[in-house]
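The values are calculated or read from the model by the stated rules, or taken from the named source; none is laboratory data. It should be emphasised that the depicted structure is a prediction, and the values quoted were computed from it without experimental measurement. Neighbour counts are summed over all protein chains in view; Cβ atoms, including those assigned to glycine, are modelled from backbone coordinates with ideal geometry.
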Amino acid sequence: MEVGRLPLSASQRGKLISAGYTTLASLSSISPSDLARDLKVPESEAFEMLKVAKLGCGLEQPDKHTAIVNGAQTAWDILNEEKLLPRITTSCADLDKILGGGINCKEVTEIGGVPGIGKTQLGIQLAVNVQIPVDCGGLGGKAVYIDTEGSFMVERTLQIAEASVVNWSSYSELLWKESQACRVEIQPTDILEKIYYFRICTSTEQIALINYLDQFISEHKDVKIVIIDSVTFHFRQDFEDFALRNRLLGGMALKLMNLGKKYNLAVVIFNQVTTKCTEGSFQLSLALGDSWSHCCTNRVILYWNGDERNAYIDKSPSLRSASASFSVTSGGIRNSASKHKRIRVM
Amino acid sequence: MNPSNLLPTQNLTMGCPVLDRCLGGGIPCNSLTELVAESSCGKTQFCLQLTLFAQLPPSHGGLSASSLYLHTEFPFPFRRLRHLSHSFRSSHANLILSNPREDVYVHAVHDAHHLLDIMPKIECFVASRKTRLPVRLIVIDSIAALFRSEFGNNPLDLKRRSFLFFEISGMLKLLARKYSLAVVVMNQVVDFMGEVEGISGMRVGNLSSLRSSGRRVCPALGLAWSRCVNSRLFLFRNEEIVGRENDGLEDDLFRQTRRRLDVVFAPHLPPSSCEFVITKQGVFGVDR
């Protein structure tokens, strides 16, 4: 919690902030005499300020568990917070099941696959699904879509948005049969307006945009998902020096993770597959190398199995390895129509 | 940096309503479309037709634009362009007042490095207003020919080649974005040796296998190039036996060439397919 929100007088607040005490965590372990010396106020006043700060701190944590190290959170607090956050659905029940309910906020999910498998379609579906109204069980947020390849098509987004609005209306009617006030009144063009679309054409633009995202999202607090499609395109050409490329990519990944944690949003990164030459044979693997593969929290690989599109959880700290099939229809991502057993656990 | 407005993309008509329906309105601007086919399937006919139809006003599906045709395979089909432009002009007499061939600019390209070298010149050409109509269409015929001679099959050469793919397609997409161009690139096919059934990493797009003239093929230049294009269209031809005539001792088989256009992958199109024919007047889709 910020010091600026404490019920202190403006001059006291100003003194605290100019002395460098901007958060409650910084005030929680200081003694009144030290504070008095820093702020050049009488000790009684410093004592009063600390009492107000502790009260403010106390109101934030209704349960009895308090942090032992000030500024940190207990795992219990984190678990409670995570349970409160709804996940972003992919509109395909099988895919949601293997993802544990959908794409999680505060995490970086990497999704990779061959061209034509449906990565952009999945990205557009997520950008629309993040806007599911809170009444229907969604996040009601906005999306930032960063397009590096030029594959985002407005007509397709409109098509998916129209199908989604129909779905949400019928769902909310099922849920709230009596109350008319919860009717979904969203138009497909409203959905388009809530997607902030950035098109970048070079690797320097990509780095600059990721640096700028912090400021952008602090101004648009209801952004709940950042989709980057795809992160590899520009980094596969300009760089002869792989060490530099890895450093830049690592820095970018770190910024994205911090962004996710700070503003409580989901980061979805699309990656490409490439052929890796190992011992004379060619194998398919995700691009950008091994050092990049450590940067993401979850990793999903999309692949073809005969005529079906499948998704496979390759790496995740909390989800088990499983694969599920999905299909791309005119309305977006949906369950696969085949009769085979859909979810296979590895 | 500001988020850009989501505006509908302009489409360039193919010149035939059946083909346009298959392609969701035509070739989209601001993106790189690839046409894959083996030789003599009709790639060049498609592209020549596009260069003419680009000159129509947007109300008729064109872009009111001139085109830049970069060709690598000699010679450029001037005679065919002349035939097509005659019939084009006569069918659109009220819209086209001058010679349509004056708005098609042709340039020869020898190899990949040459293409990279002339990119700044291309940008100046597109940016300048010296042409009668602004340039909104760039056709490259064909991209495979640029790469096939100087790169061997070892990993080092392939890596060098991949770098060039990303550089060239990056620059083309930058141009497409900056000046709102439609870029059409033609590619050839190679024979495909390998497993297609089961879990395969090599499948790209909607079709599990591409077949042309009875053999299994895949687009040239590999997986790296597949990533560089936004949409891929596959043209193929098959000979079909449509009738038999018993003429004494032998059977005479009537063969007909069937040509089809398939959407392999495109971000805005469902998997669709269309049959077409090539006539003196151009390429036309067939509703069957």
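List of remarks:
- When segment A:108-136 is filtered for residues that are without any contact (Cβ under 8 Å) to a residue 24 or more places away in the chain and within 14 Å of another protein chain (Cβ to nearest Cβ), only A:Gly116 remains.
- Some residue of segment B:70-78 being free of Cβ contacts under 8 Å to residues at least 40 places away in the same chain and within 23 Å of A:Glu155 (Cα to Cα): no
- Residues (of a type in the set (Gly, Ala, Ser) and either touching a residue at least 60 places away in the same chain (Cβ under 8 Å) or within 14 Å of chain B (Cβ to nearest Cβ) (or both)) located in segment A:315-330: A:Ser318, A:Ala322, A:Ser323, A:Ala324, A:Ser325, A:Ser327, A:Ser330
- Positions within segment A:315-326 being buried (at least 16 other Cβ atoms within 10 Å of the Cβ) and not in a loop (DSSP other than H, G, I, E, B), in sequence order: A:Ala322, A:Ser323, A:Ala324, A:Ser325, A:Phe326
- Strands (runs of 3 or more DSSP E) wholly inside segment A:193-306 containing at least 2 residues that are at pLDDT 80 or above: A:195-199, A:223-229, A:266-278, A:298-305
- Filtered residues of segment A:135-175 (kept if in contact with a His (Cβ under 7 Å, 6 or more places away or on another chain) and acidic (Asp, Glu)): A:Glu155
- Selection of segment A:298-312 for residues being under 24 Å from A:Phe242 (Cβ atoms) and of a type outside the set (A, V, I, L, M, F, W, C) yields only A:Arg299.
- Residues in segment B:10-39 that are touching a residue at least 40 places away in the same chain (Cβ under 8 Å) and either facing chain A (nearest Cβ under 8 Å) or assigned to a loop (DSSP other than H, G, I, E, B) (or both): 14 in all.
- Of all residues in segment B:149-167, those satisfying the criterion of being charged (D, E, K, R) and surrounded by fewer than 17 Cβ atoms within 10 Å (Cβ to Cβ) are B:Glu150, B:Asp157, B:Lys159, B:Arg160.
- Considering the conditions (1) over 30 Å from A:Ile195 (Cβ atoms); (2) surrounded by 17 or more Cβ atoms within 10 Å (Cβ to Cβ); (3) at pLDDT below 85, B:Pro75 is excluded by exactly one of them, (2).
- Qualifying positions in segment B:1-14 - at pLDDT below 85 and not polar (S, T, N, Q): B:Met1, B:Pro3, B:Leu6, B:Leu7, B:Pro8
- Matching residues, segment A:187-215, being over 23 Å from B:Arg177 (Cα atoms) and buried (at least 17 other Cβ atoms within 10 Å of the Cβ): A:Pro188, A:Ile191
- For segment A:137-158, a tally of residues being free of Cβ contacts under 8 Å to residues at least 60 places away in the same chain and not small (Gly, Ala, Ser) returns 6.
- Residue in segment A:210-224 that is within 11 Å of another protein chain (Cβ to nearest Cβ), free of Cβ contacts under 8 Å to residues at least 12 places away in the same chain and either out of contact with any strand residue (DSSP E or B) (no Cβ under 7 Å at 6 or more places or on another chain) or basic (Lys, Arg) (or both) present: yes
- Residue in segment B:27-45 that is hydroxyl-bearing (Ser, Thr, Tyr) and at pLDDT below 85 present: yes
- Sole residue being in a helix (DSSP H, G or I) and touching an Asp or Glu at 6+ places or on another chain (Cβ under 9 Å), chosen from B:His86, B:His113: B:His113
- Per-region count, segment B:170-219, residues part of a loop (DSSP other than H, G, I, E, B), modelled with pLDDT of 85 or more and away from chain A (no Cβ under 13 Å): 1
- Within the set B:Phe147, B:Phe163, B:Phe125, the sole residue that is over 21 Å from B:Asn30 (Cα atoms) and more than 10 Å from chain A (Cβ to nearest Cβ) turns out to be B:Phe147.
- The set of residues from segment B:224-238 being part of a strand (DSSP E or B) and either in contact (Cβ under 8 Å) with a residue 60 or more places away in the chain or facing chain A (nearest Cβ under 8 Å) (or both) comprises B:Ser231, B:Arg232, B:Leu233, B:Phe234, B:Leu235, B:Phe236, B:Arg237.
- Segment A:149-192, subset assigned to a loop (DSSP other than H, G, I, E, B) and hydroxyl-bearing (Ser, Thr, Tyr), residue modelled with the lowest pLDDT: A:Ser179
- Condition met for B:Phe88 (surrounded by fewer than 17 Cβ atoms within 10 Å (Cβ to Cβ), of a type in the set (Phe, Trp, Tyr) and more than 24 Å from B:Arg160 (Cβ to Cβ)): no
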